[in-house]
Structures are given as structure tokens and as C-alpha cells.
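Structure, as C-alpha cells:
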Amino acid sequence: MTIRNSLRRAVLTGLLLLLCNPALADRIYFSNGESITGTLEGVEQGKVQWTSPMLGSLNIEQHHVSWIETDERYDLKTSRRTLTNCWMYKQRERQLLQCDEGVHSLTDWKLVVKAGEALQGPQPFLTQTGGVVIAAENSSGNNNIDKYNVDARTELRLIETRHTLALRYQEESAEGQNTRNMWRTSYQYDQFFTQQWFLTGNAFYEEDEFRELDQRYSAGIGMGYQFLETSYFDLNGKGTINYVDEQFDTGEQRQRPALLWNLDFKWRFNDRGVEMYHRHFLLQSFTETDDFEISTVTGFKYPISGKLNSVIQLEYDYDNLPAEGNVDKRDQKWSIGLNYDW
């Protein structure tokens, strides 16, 4: 009886340890302070894939996750690096990763692009994204006004290269007389040599009848940095040295070297397509300090159905040295329209 009781006691103790030992299960902590046990399956498309003994398979949006503790080891790809064979644990309200590359601190789970026991294969050879925004207005009666605005942009990613093409067209008329007619097209080429740094080149062409700008073209080369590239955030900046040639309706011509600074930012609030975006460029002449201009596009996109979205957008342009003194330096325009993404 003594041996039997001892064996029974040992079995009960082992079962109790299995039930009470949290190291035998992964644990996920949420931003609201709650946590559940289970198994981390991976991270894909902005969601943590989790299996819970009680709740089954779960897809949890990353912005709800504060920390994860794991018993097994996983590979992780963040916006900055790829980490292999990582054990995840929480220490002093921080997410720590003990990987083959050393111990790393993860400031936010939204920075994780992918995670799993073994990361999936290489990215597709060629990927393409883009969208077009169309806004139109027509009014009659006391005022006859027609306005059209088209803003199209597409990006092609070929392994370590990125090609971005953009087109903006604006036309306005009041009482049958044209009051606005401009279009601008641009091309940017990026060649990555690290995960963040890349060589960049650009070219653009523009005409704007009511700013007395007959034509303007420019080309330049420089460097860029990809600050973030995740399921929720996309931020990059570029600085280039450009040659600018402007020809005005008055016959005046300006040719000069200039610094061109570009910023491109996107913030995707969730996986349903709600998004805020901002793009701007600053062109500063090297020969005249007062010869500079700024052009920005800031907008908010909300999904309607499928790839169709509603957009509210602000375009702001400022030219400190216009062609003529009677041309306004500032040009600001609000528009509400439709967006189609691909």
C-alpha cells in the first residue's frame, strides 16, 4: 500500500505541475490588460494567428497585442530585420526576444511583418499596387461651375527595386471660361542596397496654364531611407539633387540646380481599408534662397465596397517665387471623391 500510495501521489503531483506550469503553453497579453493561453501559430497580414484550447483558432489584429510569451522558438520578420529562432518573453513591461542574433526589445507588435516556425518563401518576383482618385463637381443656376480632379499612382516592386509612377490632372471652369488647367506626371526609381537604405532617381514634367507655367521638367538622383514598411505603417523619405528647367508664358526661362525632398506616409488603421495618407515634396534652389516651393497631398480614405473607397483630400501648393507678381503664391484645394485601389 505504501508503494501504491507513493505512485499515486507522484502521478497527482505531476498532473498538478502540468496544469499549473505556464511555461508549457504560450500566453498572449492584450492592450486592455487581459491575457489567454494557447499556441502562437504565426503572424500574417497584420494579424496574430493564435490557437486557444477554449476558444479555438483566432485571428487577432496586431494593434490589440501588448506582449507574447512562448515556450517554442519562432522566426520573426520586422520592418527592420529578420530574426531567427526567437524565444519571446515579457520582462518589466517590455517585449523581449531572445534570438540567434542576440536579445532584442520589440517596442510594438505592429512592427512585426511576419512570424512563424519557419518564415514562408521569398516575396513574389513582381508585385504591383496602386490607386486612382477621381473627384468631380458640376453646378448650374446662379453659378455654372465644372471641376475635375484625377490623381493616379501605381507602384511596382521587383525584388530589390521599386518603380513609382504618378499623374495629377486638374481642370476647372466658371461660366464657360477655363480657370484652371494643370497636369503633372512623375517617375521615381528606388534601388535597395540594405533593408532600409536605397539609391533613388526621379523625373517629372508639369504644365500649369493659370500659373503662367508653360512647361517644367526636372531629373535628379540621391538617397532614400525606408523608415517603416509594415501592415499598418509605410514611411519613407528621399533627398535628391535635381536639375530644374522652367519655361513661362512670358518668355522667361529658369535653369538651376535644386534640392528635392520627398516624404511618403501611409497609416492603415485596420484591415478593413481605413487609411490616412500624406505626401509632400520641397524644392529648394541652390542659387536663390527665396526660390522654393512646397506641394502636399493629405487625405483620408474610407471603404465603400470591395476596392472602391470614398476619399476626402487636401492639396496645398506654395510657390514663393511665381512667374508673375499677380499670381498667388498659395494654392489650396479640398476635394471629395472616389478611390479605386488595385
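Where the accessible area of the chain is counted over protein heavy atoms with a 1.4 Å probe, how much of it, in %, is carbon and sulfur? Looking at the chain in its full context, I get 55 percent from C and S. Here the range 278-297 and the range 27-55 have alpha carbon centers that stand 46 Å from each other.
Mind giving me the FRET efficiency for residue 289 and residue 205? R0 is 35 Å, r the Cβ-Cβ distance, nearest 0.05 is fine. Don't jump to the answer; show the numbers that get you there.
Details: r = 26 Å, r/R0 = 0.74.
It comes out at approximately 0.85.
Given a 1.4 angstrom probe, what's the average accessible area per residue across the range 239-324, in square angstrom? Provide the component values of the computation, followed by the final result.
Details: 4170 Å² over 86 residues.
Accessible area per residue: 49 Å².
By how many nm would the segment from residue 30 to residue 160 grow when fully extended, if each residue of separation counts as 0.36 nm and the alpha-carbon distance is taken off? Mind dumping the intermediate values first?
Values: separation 130, 0.36 × 130 = 46.80 nm, distance 3.54 nm.
Gain on extension, residue 30 to residue 160, equals 43.3 nm.
In this simple spin-label approximation, residue 212 and residue 44 carry label points 7 Å from Cα along the Cα→Cβ vector, and these lie 6.0 nm apart. Any idea what angle helix 2-20 forms with the longest principal axis of the chain, computed on alpha-carbon atoms, 0 to 90 degrees, nearest 10? That helix lies at roughly 10 degrees to the long axis. For the range 228-311, averaging the sequence separation of C-alpha pairs within contact (under 8 Å, six or more residues apart) and dividing by the residue count gives a relative contact order of 22 percent. Among 43, 327, 113, the residue with the largest mean-square fluctuation in a Gaussian network model of the chain, with springs joining Cα atoms closer than 10 Å, is 327.
Quick one: which of 93-102, 196-205 comes out on top by average Cβ neighbours within 10 Å, and what's the full order, highest first? Don't jump to the answer; show the numbers that get you there.
Details: 93-102: 14.6, 196-205: 17.3.
So the peptides 93-102, 196-205, ranked by packing, come out 196-205, 93-102.
Segment residue 187..residue 54, full-extension length gain: 42.6 nm, with 0.36 nm per residue of separation and the alpha-carbon distance subtracted. When peptides 213-225, 50-62 are sorted by average Cβ neighbour count within 10 Å, with the highest value leading, the order is 213-225, 50-62. Normalising the average separation of contacting C-alpha pairs (under 8 angstrom, six or more residues apart) by the number of residues puts the relative contact order of the range 194-342 at 15 percent.
Here Rg and Dmax of the Cα atoms in Å was computed from the coordinates, and among [x] 41.1, 179; [y] 22.2, 80; [z] 27.5, 111 the match is [z]. Computed from label points 7 Å out along Cα-Cβ, the spacing between residue 332 and residue 307 is 3.5 nm.
The values are calculated or read from the model by the stated rules, or taken from the named source; none is laboratory data. No experiment lies behind these values; they were computed from the predicted model shown. Here the Cβ is made from the backbone with ideal geometry for all residues, glycine too, and neighbour counts use every protein chain on show. When the accessible area is computed, the model is the full protein with side chains, heavy atoms only, and any ligands, DNA or RNA have been set aside. Shrake-Rupley method; radii C 1.70, N 1.55, O 1.52, S 1.80 Å.
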